[in-house]
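First up is the structure itself, then whatever we jot down about it.
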Amino acid sequence: MSAGRLLSAAVVALGLFGSFLPAYAELYPARPIKIIVPTPAGGPVDVVARLLSNYLTAAFGQAAVVDNRPGAGNTIGSKEAAQADPDGYTLLYSSASGLVLAPMLQKNAGYDPLTSFDPIALVAQSSNILVVHPSVPVRSVQELVAYAKANPGKVNFSSGGIGVLPHLIGEWFKSAAAIDIVHVPYRGGGPSINDLVAGQVQMTFEGTSVLLPLIQSGKLRALATTSSKRIPELPELPTMIESGFAGFVSTSWTGLLAPAHTPRDVIDKLNLQINEGLKSAELRSALGKLSNQPLGGTPQDFTDMIKGDIGKWAPIVKALGLTAG
């Protein structure tokens with residue numbers, strides 16, 4: 001057993017003598033915290049993770065440092081976090097891509113979303129937007145469908161890897177529209193978007209946090225949002241539902257987790273701090289600038305979100321014939 005896991009077990013045992021020894025959480029954090037992000041720097045998960053890390057650093061007076069571990073559809077960093085000592089000093093900041101979809105599509109992901117982690121708190125949620133490179137001669141979803149049907153196999157859509165949310169949304173769109181478009185996976189959302197801006201691929205679905213400035217500057221053209229209603233940042237942009245795709249709704253959430261069996265008082269302390277931060281005007285404003293809405297809530301709320309997304313995506317994955325690799 002590792003030193004960290006021995007410490008975790010010892011903390012439980014020492015709880016019997018709480019009147020004699022200070023609670024573990026009272027001393028936490030006594031050293032820097034590492035927050036593993038299973039995506040590259042600059043992607044939609046990473047930019048929100050860095051907001052949170054800066055907030056926790058200020059709140060605790062100890063550095064909370066983002067450590068990007070991208071690759072294999074978010075599974076490399078997620079597996080590393082799952083195997084870390086459950087002492088509160090290695091955490092995971094992730095999304096549905098890494099926690100729900102990747103384990104669903106990859107037989108050997110190396111972790112289970114419901115048993116390998118202790119959820120701490122949901123942090124934020126954003127919409128996804130269908131965007132194309134400006135060279136693609138379309139200005140609506142229906143025009144894109146017609147263009148793809150006229151050019152079968154010639155339209156590529158990028159994502160941050162096999163099994164991430166933009167991949168699944170793209171496959172869902174491909175099936176719903178009955179078009180032949182080709183998936184091009186990258187090692188994270190950042191590289192995926194960079195190649196779209198460069199014109200190496202033609203389209204993607206991605207979160208508003210990284211797409212909004214590219215849309216506003218004209219580097220990408222937005223066709224629709226996957227939210228149930230139009231988003232305030234782009235009020236003239238129609239939803240996928242308005243564009244003729246009934247029930248086509250998908251949002252992106254992110255949150256903080258710890259390896260399973262992390263002391264409960266540490267989980268509670270982090271949860272309380274995050275919820276306090278999400279009430280502050282400063283953090284809410286910073287999230288708003290990234291087109292993210294604050295979430296918060298209890299660890300159980302986070303668990304329920306993961307379970308709900310598993311229930312939503314499992315039948316879609318099965319219907320699309322996307323088998324684990």
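The values are calculated or read from the model by the stated rules, or taken from the named source; none is laboratory data. What you see is a predicted model; the values in this text were computed from it and never measured. Every residue, glycine among them, receives a Cβ derived from its backbone with ideal geometry; neighbour counts consider all protein chains shown. These accessible areas exclude ligands, DNA and RNA; they are computed on the full protein's heavy atoms, side chains included. Shrake-Rupley method; radii C 1.70, N 1.55, O 1.52, S 1.80 Å.
For Val249, state whether it is at negative phi, at pLDDT 95 or above and open to solvent by 30 Å² or more (accessible area, probe 1.4 Å).
no
Is there a residue in the stretch 243-265 that is under 22 Å from the mean Cα position of the chain (by Cα) and acidic (Asp, Glu)?
No: zero hits.
Which of the residues belonging to the stretch 100-121 are part of a strand (DSSP E or B), within 16 Å of the chain's Cα centre (by Cα) and surrounded by fewer than 24 Cβ atoms within 10 Å (Cβ to Cβ)?
Of everything in the stretch 100-121, nothing turns out to be part of a strand (DSSP E or B), within 16 Å of the chain's Cα centre (by Cα) and surrounded by fewer than 24 Cβ atoms within 10 Å (Cβ to Cβ).
Identify the residue in the stretch 273-325 that is in contact with a strand residue (DSSP E or B) (Cβ under 8 Å, 6 or more places away or on another chain) and small (Gly, Ala, Ser) and, among all such residues, is farthest from Pro232 (Cα to Cα).
Filtering the stretch 273-325 for residues that are in contact with a strand residue (DSSP E or B) (Cβ under 8 Å, 6 or more places away or on another chain) and small (Gly, Ala, Ser), the one farthest from Pro232 (Cα to Cα) comes out as Gly297.
Kindly indicate whether any position in the stretch 156-165 is of a type in the set (Ser, Thr, Tyr), buried (at least 19 other Cβ atoms within 10 Å of the Cβ) and not in a helix (DSSP H, G or I).
The answer is yes; a qualifying residue exists.
Just to check your reading of the model, which residue among Ser78, Ser140, Ser127 is modelled with pLDDT of 95 or more, farther than 26 Å from Asp268 by Cα and out of contact with any Lys or Arg (no Cβ under 7 Å at 6 or more places or on another chain)?
Unique residue meeting the criteria: Ser140.
Given the conditions (1) open to solvent by less than 30 Å² (accessible area, probe 1.4 Å); (2) under 15 Å from the mean Cα position of the chain (by Cα); (3) among the charged types (D, E, K, R), report the number of the one that Asp87 does not fulfil.
(2)
Kindly indicate the residue of the stretch 20-46 that is open to solvent by 10 Å² or more (accessible area, probe 1.4 Å) and either polar (S, T, N, Q) or under 18 Å from Leu99 (Cα atoms) (or both) and also farthest from the chain's Cα centre (by Cα) among those meeting that condition.
Pro40
Can you tell me which residue within the stretch 52-73, out of those that are under 14 Å from the mean Cα position of the chain (by Cα) and open to solvent by 10 Å² or more (accessible area, probe 1.4 Å), is farthest from Leu91 (Cα to Cα)?
Pro70
Condition test on Ala84, is it modelled with pLDDT under 95 and assigned to a loop (DSSP other than H, G, I, E, B)?
no
Look through Lys229, Lys149 and report the one residue that is open to solvent by 10 Å² or more (accessible area, probe 1.4 Å), among the basic types (Lys, Arg) and within 24 Å of the chain's Cα centre (by Cα). Outline the logic, then answer.
On the way: Lys149 fails: within 24 Å of the chain's Cα centre (by Cα).
One residue alone meets the criteria, Lys229.
Could you go through the stretch 201-215 and let me know if any residue there is of a type outside the set (Val, Ile, Thr), open to solvent by 30 Å² or more (accessible area, probe 1.4 Å) and modelled with pLDDT of 95 or more.
Yes, the stretch 201-215 has at least one match.
Quick one: which residue in Gly190, Gly207 is closer than 26 Å to Val317 by Cα and out of contact with any strand residue (DSSP E or B) (no Cβ under 8 Å at 6 or more places or on another chain)? If you could, list the steps in order and put the result at the bottom.
Details: Gly207 fails: out of contact with any strand residue (DSSP E or B) (no Cβ under 8 Å at 6 or more places or on another chain).
Residue meeting the stated conditions: Gly190.
So Ser2 ticks every box in (1) open to solvent by 40 Å² or more (accessible area, probe 1.4 Å); (2) at pLDDT 90 or above; (3) farther than 29 Å from Gly161 by Cα but one. Which box is left unticked?
The failed condition is (2).
Could you tell me how many of the residues in the stretch 87-99 are outside any loop (DSSP other than H, G, I, E, B) and farther than 16 Å from Gly110 by Cβ?
Of the residues in the stretch 87-99, 4 are outside any loop (DSSP other than H, G, I, E, B) and farther than 16 Å from Gly110 by Cβ.
Provide a single number: the residues in the stretch 252-289 that are open to solvent by 50 Å² or more (accessible area, probe 1.4 Å) and within 30 Å of Gly170 (Cβ to Cβ).
Adding up the residues that qualify gives 1.
Are any of the residues in the stretch 212-222 among the polar types (S, T, N, Q) and either at positive phi or touching a residue at least 24 places away in the same chain (Cβ under 8 Å) (or both)?
Within the stretch 212-222, not a single residue is among the polar types (S, T, N, Q) and either at positive phi or touching a residue at least 24 places away in the same chain (Cβ under 8 Å) (or both).
Taking the stretch 155-209 only, how many residues are touching a residue at least 24 places away in the same chain (Cβ under 8 Å), farther than 25 Å from Val37 by Cβ and among the charged types (D, E, K, R)?
1
Which residues, taken from the stretch 30-40, are over 18 Å from Val123 (Cβ atoms) and touching a helix residue (DSSP H, G or I) at 6+ places or on another chain (Cβ under 7 Å)?
Pro40
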